[in-house]
1. Any of Lys254/Lys297; Lys164/Lys236; Lys49/Lys293 with alpha carbons more than 20 Å apart? Name them for me.
2. Compactness ratio of region 26-172: Cα Rg over 2.2 N^0.38 Å, N = residue count?
3. If N is the number of residues in region 134-247, what value comes out of its Cα radius of gyration divided by 2.2 N^0.38 Å?
4. Among the aspartates and glutamates, select those whose C-alpha is under 18 Å from the C-alpha of Lys25, and discard any that sit fewer than 8 residues away in the same chain.
5. Using a Cα-Cα cut-off of under 20 Å, which lysines could be cross-linked to Lys81, ignoring same-chain neighbours fewer than 8 residues away?
6. If you count, for each residue, the other Cβ atoms within 10 Å and average over each peptide, how do 86-98, 300-312 line up from highest to lowest?
7. If I take all pairs of Cα atoms in the chain, what percentage of them are more than 26 Å from each other?
8. Considering only the other residues whose Cβ falls under 14 Å of the Cβ of Asp204, what net charge follows from Lys and Arg at +1 and Asp and Glu at -1?
Amino acid sequence: MREKLRISVLGLLLLSLAACGGSAKKTLAIGAILPLTGPAASAGDEAYKSLMLAVEEANASQRLAPYTLEVVVRDDVSDPKQAVSSAKDLASNPAVLGVIAHFNSGCYMPASRVYHENGLPAITPAASNPSITQQGFPEIHRIVPTDQVQGEAVGKFIAKRGVKRLAIIHDKTQYGEPLAGMVRASAEQSGVKVISYDGIQVGDKDFRALLTSLRSKNPEAVFFGGLYDEGGLIVKQMRELGMTQTFHGPDGIKGKDFIDVAGAAANGAYVSFIGNNADALPSARSLLENYQKRFNKPIENFGPYAYDVAGVFIAVLENLVKRGETPTRAAVLAELGKIRYEGAMGFAEFDERGDNKNRAISFYRVDNGQFVFVEAIGESSS
């Protein structure tokens, strides 16, 4: 937490100095609402640090001259009520021209109406529930593939590994439950028999009763739709009960926190990620190196996408400034509908719903406590 606060204060100080040094300079502002505390704090912290790198780079290069770019940051704590409150706060600030909006689908969904009602463009770096962009709100965008895309890919991936009997567990959230349902449909279409489909509560710690019941049904693999804490405990308790079935999880558990919770039991688990494999992309190399150098740890989660969302907003504002147009929310929204941005994770171009046309899904296996790339499913459409 101390490191996070130090970075936040330093980032704002640098931006203030850039805006005020010598003679007053004009500023532009975007917002960022992320889980800086709470159950997804580590992912939110990585996303925040990554987007701030993009902003610092833009200000250092004077891409937006005569403007400098500021970021108004709020913490949604992965709580839908706080997300809506934070969205209203930023929406009421006329200086905020766009928002890097939320990590959790359960937060982005209710907050999306606030953005729509206030004409405030928003792009999420992580929230993947398909329903978010099916509401008909032109302000709402996402840079990652949806869980429809991920679920279809996961079901095929499980079938490809010869699994015939699959048990599915989900966390009853707006993220985990719909995703689990999409995995179920895809797996069954691919010839896999889903022998059980169970929900658990976020925050529960003991899953032994459920797992003992599943063990008697003799599945060949277990898929969990949810986040790292429950996912890590489930696979750990599976191994404690002598269950050797392969464990599969989604992007919500791809991170060091899952391995920390599961311990050695994480080894052998397969995890999907909604997007390209950053380590294999020449376009991501500079970001990965700069992040490691700056924060003394690697990017593990959605940092590259947060970096690219910031990059999209910066490119949109740059286009407006170069054309001599006054940056407004309406102008930013119109430009988002036209832009094709080449970023660290490949291109970003939004379709009529606000979804990115770049839809690759990557798969990893945990070996010796590390996520090792296995393969990607789905081509990036152009």
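What follows is calculated from the coordinates using simple rules that are stated; it is not laboratory data. Quantities reported herein were computed from a predicted structural model and do not represent experimental measurements. Methodologically, a virtual Cβ is constructed for each residue, glycine included, from the backbone with ideal geometry; neighbour enumeration extends over all protein chains shown.
1. Long pairs (Cα-Cα over 20 Å): Lys164/Lys236.
2. This ratio for region 26-172 stands at 1.19.
3. So region 134-247 has a normalised radius of gyration of 1.11.
4. Glu56, Glu57, Glu70, Glu318, Glu325
5. Lys172
6. On the way: 86-98: 19.5, 300-312: 28.0.
Final packing ranking: 300-312, 86-98.
7. For the chain, the share of Cα pairs beyond 26 Å comes to 50 percent.
8. Values: positive: Lys172, Lys205, Arg208, Lys236; negative: Asp171, Asp198, Asp206, Asp229, Glu230.
Local charge sum for Asp204: -1.
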